[in-house]
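Let me begin by handing over the structure; questions about it come next.
The values are calculated or read from the model by the stated rules, or taken from the named source; none is laboratory data. What you are looking at is a predicted structure, and each value in this text was computed from that prediction instead of being measured. Here Cβ is always computed from backbone atoms with ideal geometry, including for glycine, and neighbour counts include all displayed protein chains.
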Amino acid sequence: MRFLTRKNIRSAAGILLAYVLLQGLNSAGLLSNYVLFIIMVALINAILTVSLNIITGFAGQFSIGHAGFMAVGAYVSAMFTRFVLNVGPDTPFVWREPAFLISLFAGSLAAALVAYLIGIPTLRLKGDYLAIATLGFNQVMVVLFNNLDFVGGPRGFTGIPKLSDLTWVAGLTVVSVLIMRNFVRSIYGSQCVAVREDEIAAESLGVDVTRYKILAFTLASFFAGTAGGLLAHLLQLAHPSQFTFLKSIDILLMLVVGGMGSIPGSIISALVLTVLPEMLRFSQDLRLVIYPVLLIVFVIKNPLPYLRRVTAQIQERVRAMWVNRFGG
Amino acid sequence: MRRKYQNVIVPLLIVVLASSFLVGCGGKGGQEVKVGSIAPLTGPLSTYGQSHKDAVDLAVEQINEKGGLLGKQVVIVHEDSQGDPVVGVNAAQKLIEQDGVVAVVGPIPSKIGMAVAPIAEESGVPIVVTGTSPQITPGKDFVFRSCWTDDFQGVVMAKFAYEELGAATAAILYDLGNDYAKSVSEIFASTFEELGGTVVAMETHPTDATDFRAQLTNIKAASPDVFFFPDFYNDASLIGRQAVELGLEAQFLGADGWDSPELDLETLDGAYYCSHFSKEDPRAETRAFIDDFTAKFGAEPDLLAIMGYDAALVAFDAISRAGSVDGEAVREAMASTSSLPAAQGDITFDENGDPTTLPAAILQIENGSTNYVMTFQP
Amino acid sequence: MEQFLSQLINGLQIGTIYALIALGYTMVYGIIKLINFAHGDLIMIGSYVAYLSIVHFGVPFPVAFLLAMLFCALAGVLMDRIAYRPLRHRPRLEALITAMGVSLFIEHGARNLPFIGPSFRRFPDVVGVKSYPLVSSVVVTNVQILNVVVAVVLMVILQYIIRRTKIGMAMRAVSLDLEAAKLMGIDVDRVIAVTFAIGGCLAGAAGVLMGVAYPRLSPYMGVMPGLKAFVAAVFGGIGSIPGAVVGGVLMGVVETFATAAYSQVAEGVFFVVLVAVLLFRPTGLLGEPIAEKV
């Protein structure tokens, strides 16, 4: 996996620009906490959607338990911050930031480990059966955390220090997405796509199907754990009810709307589907009905190729105008 | 070439979306005093949210009739928490930053309160929660509460069972995903045993369960004197009905979660539960509240209504005593609230921001109505 | 011993309801290989239809029961026609996601309807509950008896339809091999519609029974029972009708005993058992191993 490709540098430049702008606004006090919060949640959702894309979009495995790994990441990273590393409000900056990184890493690693252990037996199941198994796993996680009193049980895990800020969230989003994108474009990624397209054919061509399924699953869950950890340190709370299969379905929705197998699609869809409900706060009830209709329409009519064409046409026009004004 | 644009569009989108929010940043000055309210207006606890909203509206109407606060009219901004902590946090931030509220009333249930409390601390806006979980207030300067906590009501019910009813054995059933029911149950259990009783069965059920027969059969086999199931009213009604069907003969007991017009009075006939007030309370302020609420909304207030009303009273009282809308000033005034004549009783805050003098009323269900039995003082 | 018997009766009661729902899942899966996630919500529709007819229109209970079944049959057919038929030749993942969308739409949509609304509704007491002592302190209620009897009757009728009628034979043919059935001149679309209708009927019946036994209605009441019944269907072998019955009843009994033994983690234990079974018999207890053609 080569990191310093032209594409990566261009993407990095664009994202850096946006980040500097936002951070500038933030430091100038022009960005309210409210907006900042929403942006961060949107970015966290983006990580979740892209990671689910790896499992479902690229490797073709139907998983509706993604929120379970998020939960593992959230709780484990919070446990590290609170109990192991004892980070509090008066911990000095020099120690606080690396500690956060360690906690997040621990949470993500735990999520990946759980995914690996669960994956070995269950990824042998196909399609619908895998769906139930992952659903079951998700429920088990919720019940588990509800029963663990030392992390709060049904009260939720409280008192988590607020370590997530724009820098962390944006930075980790970028890193996660880049790693996942490079994975997909690498030889490992194409093996996964082979598995998705036709398992039997792939196997007969020498692709170790189970190994790649587990690899995709583990990698994706690692980042789901990261997302969970970031959210827990943003909300300062981790509650079992946040990670039920309904959340998994929410992520799936974002994935489908963005287009399975399309990473930029997943990111945009996550952003839009997080911000939109906030802007539509006045019509909560209607939103709940519109969402599933959107989902159904998107799947049946599949307007994405049409949307892509329109976007491409607009881009062409903009580019033509640019060239006209300033020359190539 | 196209790829390049695509990679720039995504980040630019973020910035554009962000800037679209910059419009409409509320300020604290102006012709009105804005107060915020957070409640589950939609979702499974929506009846609670509605009660809360109605009661707060009543309080606002009453204070505006008397001339408002600091010479200005009070405007209330209601936000929906949907019973979800993330949405609740969003709501709180929107109220504080976009609407510029001086204080926040609510939220309930307790888990939303826990999520919102740190926001109040950070932004310096006092909130008066109406949840009963003991952990919300300690250690926080800007978080106050307008009702007693689970610590208190667990003790009340245990004492009532042991001392008044003479029970020696008790069985408990609660919703394992409901932190309120869990904490009340645990406190009841430990108090009951301290007093000398024995807890013969402690069962749980998952949230949204509809079939409790397995647990009830276990409880029946343990033959308890009292059966305590402090879930919210809808679960309690189902549990009571199945217990009766199975022939479970024990004295049924509940907690303040039972207080709702939708409680199944027929099935739970003869049961006792505790609440923040009794409709027969002769106290002047309580009567006034009940009468005003019933007159305005055509239905009797429940516990959410009275807690919300009192929370609003606490906020208004603090603002008027502070004489300004400055967060720190209001907070100081609120912390020194003493003997404020609220609907539930007189409110005086302790160092945590919890009221120390509110009584609990024990009510009994008889022949389709609830009757007052006795009061426990803290 | 008597506790065992009590719990067994409890398990049978909920188990037969699960079986009715599981039958619907399994029939639809057997025919078009789709897990209809929206099936659980048909339960909710059935309950509410019965509730509304009794409370607002004063309809007597047996008629309300039939109305609920009819309405749900219709709902099932509509679901197929609008959401699933366009996807019949597309990858199954898409149909699965659409099914989820339909389910969410029904749940949230129902919630917004003013006569259903977000608060719980109480199903009226149409069957006055009476308890009959069985053995020493073990009781059985008339509701439980009604439950089991109705469920069994419906299952027997279903068996008759499948084994002894032409349409039943057509259903079996289509579930065996859709293309071949088409070649044989069977109107596959119609058969599929009938399957959805029957599945809907059973779900509606389950909904009414649930309303009577657990009289608390909410727009989301079908989610958990639907999920559990789906798991039961897989457990028993999805696509197999006796499997659905066995799976449903076993699920109810196992769940009851697990809850009685250790109520705190009963829910979790249940899913662990499921995964364990799937690992050893990936097509369920009574399912047939599927050979994949290359």
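Return the total of residues in region A:130-165 being in a helix (DSSP H, G or I) and charged (D, E, K, R).
2
Restricting to region C:253-269, give me the number of residues that are acidic (Asp, Glu) and at the interface with chain B (Cβ under 7 Å from one of its Cβ atoms).
Summing the residues that are acidic (Asp, Glu) and at the interface with chain B (Cβ under 7 Å from one of its Cβ atoms) in region C:253-269 gives 1.
Of all residues in region B:184-203, which are touching a strand residue (DSSP E or B) at 6+ places or on another chain (Cβ under 6 Å) and within 14 Å of chain C (Cβ to nearest Cβ)?
B:Ser185, B:Ala201, B:Met202, B:Glu203
Let me ask something else. For residues that are away from chain A (no Cβ under 13 Å) and in contact (Cβ under 8 Å) with a residue 40 or more places away in the chain, tally how many sit in region C:57-79.
13
Within region B:55-87, how many residues turn out to be more than 24 Å from B:Asp235 (Cα to Cα), of a type outside the set (S, T, N, Q) and part of a helix (DSSP H, G or I)?
Within region B:55-87, residues that are more than 24 Å from B:Asp235 (Cα to Cα), of a type outside the set (S, T, N, Q) and part of a helix (DSSP H, G or I) number 11.
Suppose we filter A:Ile102, A:Ile120 for residues that are in a helix (DSSP H, G or I), surrounded by fewer than 17 Cβ atoms within 10 Å (Cβ to Cβ) and over 21 Å from the mean Cα position of the chain (by Cα); which single one remains?
A:Ile120
Anything in region B:136-188 that is buried (at least 24 other Cβ atoms within 10 Å of the Cβ), of a type in the set (Asp, Glu) and closer than 30 Å to B:Phe316 by Cβ? List them, or say none.
B:Asp150, B:Asp179, listed by residue number.
Within the bounds of region C:193-202, is there any residue that is modelled with pLDDT of 85 or more and of a type in the set (Ser, Thr, Tyr)?
Yes, that holds for at least one residue.
A further question on this structure: I need every pair where a residue in region A:36-49 that is more than 19 Å from A:His66 (Cα to Cα) has its Cβ under 9 Å from the Cβ of a residue that is among the hydroxyl-bearing types (Ser, Thr, Tyr) and not in a helix (DSSP H, G or I), sequence separation at least 6 or different chains.
A:Met40/A:Ser164
On to the next question. Looking at C:Ala193, is it within 29 Å of C:Val126 (Cα to Cα) and touching a residue at least 60 places away in the same chain (Cβ under 8 Å)?
no
If you don't mind, another one. Going by the conditions given, is B:Thr217 out of contact with any Pro (no Cβ under 7 Å at 6 or more places or on another chain) and not in a strand (DSSP E or B)?
Taking the combined requirement at face value, the residue satisfies it.
Go through region C:2-54 and count every residue that is assigned to a helix (DSSP H, G or I) and among the charged types (D, E, K, R).
Going through region C:2-54 one residue at a time, the tally reaches 2.
Do we find that B:Pro107 is out of contact with any Pro (no Cβ under 9 Å at 6 or more places or on another chain) and surrounded by 21 or more Cβ atoms within 10 Å (Cβ to Cβ) in this structure?
No: the conditions fail for B:Pro107.
Sticking with this structure for a sec: Return a yes/no flag: does region B:297-312 have any residue that is in contact with a helix residue (DSSP H, G or I) (Cβ under 7 Å, 6 or more places away or on another chain), surrounded by fewer than 16 Cβ atoms within 10 Å (Cβ to Cβ), over 21 Å from B:Tyr233 (Cα atoms) and modelled with pLDDT of 85 or more.
Looking through region B:297-312, none of the residues is in contact with a helix residue (DSSP H, G or I) (Cβ under 7 Å, 6 or more places away or on another chain), surrounded by fewer than 16 Cβ atoms within 10 Å (Cβ to Cβ), over 21 Å from B:Tyr233 (Cα atoms) and modelled with pLDDT of 85 or more.
Restricting to region B:243-271, and then to whatever is surrounded by 23 or more Cβ atoms within 10 Å (Cβ to Cβ) and in a helix (DSSP H, G or I), can you tell me which residue is nearest to the other protein chains (Cβ to nearest Cβ)?
Among those that are surrounded by 23 or more Cβ atoms within 10 Å (Cβ to Cβ) and in a helix (DSSP H, G or I), it is B:Ala243.
Under the condition of being within 12 Å of chain A (Cβ to nearest Cβ) and assigned to a helix (DSSP H, G or I), which residue from region B:121-154 is modelled with the lowest pLDDT?
Step by step, filter region B:121-154, then rank; the result is B:Glu122.
Looking at C:Ala180, C:Ala193, C:Ala206, which one is farther than 20 Å from C:Ala83 by Cα and surrounded by 17 or more Cβ atoms within 10 Å (Cβ to Cβ)?
C:Ala206
Would you point out which residue out of B:Asp211, B:Asp235 is within 12 Å of another protein chain (Cβ to nearest Cβ), part of a loop (DSSP other than H, G, I, E, B) and under 29 Å from C:Gly211 (Cβ atoms)?
The unique qualifying residue is B:Asp211.
Taking only region A:251-262 into account, find how many residues are within 10 Å of another protein chain (Cβ to nearest Cβ), more than 11 Å from the chain's Cα centre (by Cα) and part of a helix (DSSP H, G or I).
Here the count works out to 2.
Next question. Looking for something closer than 20 Å to C:Gly101 by Cα, away from chain C (no Cβ under 14 Å), at pLDDT below 80 and part of a helix (DSSP H, G or I) - is there at least one such residue anywhere in region A:276-292?
Yes, that holds for at least one residue.
Within region A:86-93, is even one residue closer than 19 Å to A:Pro240 by Cβ, assigned by TED's automatic domain parsing to the domain that holds A:Lys162 and assigned to a helix (DSSP H, G or I)?
Within region A:86-93 (the criterion being closer than 19 Å to A:Pro240 by Cβ, assigned by TED's automatic domain parsing to the domain that holds A:Lys162 and assigned to a helix (DSSP H, G or I)), the answer is no, since none of the residues qualifies.
Another question, if that's okay. Output the residues belonging to region C:234-250 that are crowded, with 24+ Cβ neighbours inside 10 Å and at pLDDT 85 or above.
C:Gly243, C:Ala244, C:Val245, C:Gly247, C:Gly248
Give me a count of the residues in region A:117-173 that are facing chain C (nearest Cβ under 10 Å), more than 23 Å from B:Thr207 (Cα to Cα) and among the aromatic types (Phe, Trp, Tyr).
The number of residues fulfilling the criteria is 1.
Is there a residue in region C:82-102 that is hydrophobic (A, V, I, L, M, F, W, C) and surrounded by fewer than 16 Cβ atoms within 10 Å (Cβ to Cβ)?
yes
So that you can scan it fast, the table gives a plain yes or no per residue for (1) at pLDDT 90 or above; (2) aliphatic (A, V, I, L, M); (3) out of contact with any helix residue (DSSP H, G or I) (no Cβ under 7 Å at 6 or more places or on another chain):
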{"site": "C:Gln7", "(1), (2), (3)": "no, no, no"}
{"site": "C:Ile21", "(1), (2), (3)": "yes, yes, no"}
{"site": "C:Ile35", "(1), (2), (3)": "no, yes, no"}
{"site": "C:Ile54", "(1), (2), (3)": "no, yes, no"}
{"site": "C:Pro60", "(1), (2), (3)": "no, no, yes"}
{"site": "C:Met79", "(1), (2), (3)": "yes, yes, no"}
{"site": "C:Ala83", "(1), (2), (3)": "no, yes, no"}
{"site": "C:Arg90", "(1), (2), (3)": "no, no, yes"}
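Hey, another quick one. Does A:Leu246 fit the bill of being assigned by TED's automatic domain parsing to the domain that holds A:Ile39, within 16 Å of the chain's Cα centre (by Cα) and surrounded by fewer than 17 Cβ atoms within 10 Å (Cβ to Cβ)?
Spelling it out, A:Leu246 is indeed assigned by TED's automatic domain parsing to the domain that holds A:Ile39, within 16 Å of the chain's Cα centre (by Cα) and surrounded by fewer than 17 Cβ atoms within 10 Å (Cβ to Cβ).
Now, a different point. Tally the residues that are buried (at least 18 other Cβ atoms within 10 Å of the Cβ), without any contact (Cβ under 8 Å) to a residue 24 or more places away in the chain and of a type in the set (Asp, Glu), restricting the search to region B:32-86.
Selection size over region B:32-86: 1.
In region A:195-243, how many are in a helix (DSSP H, G or I) and more than 19 Å from the chain's Cα centre (by Cα)?
Looking only at that region, the number is 13.
Which residues, counting only those in region C:61-114, are in contact with a Pro (Cβ under 6 Å, 6 or more places away or on another chain) and aromatic (Phe, Trp, Tyr)?
Once the filter is applied, which keeps residues that are in contact with a Pro (Cβ under 6 Å, 6 or more places away or on another chain) and aromatic (Phe, Trp, Tyr), region C:61-114 yields only C:Phe105.
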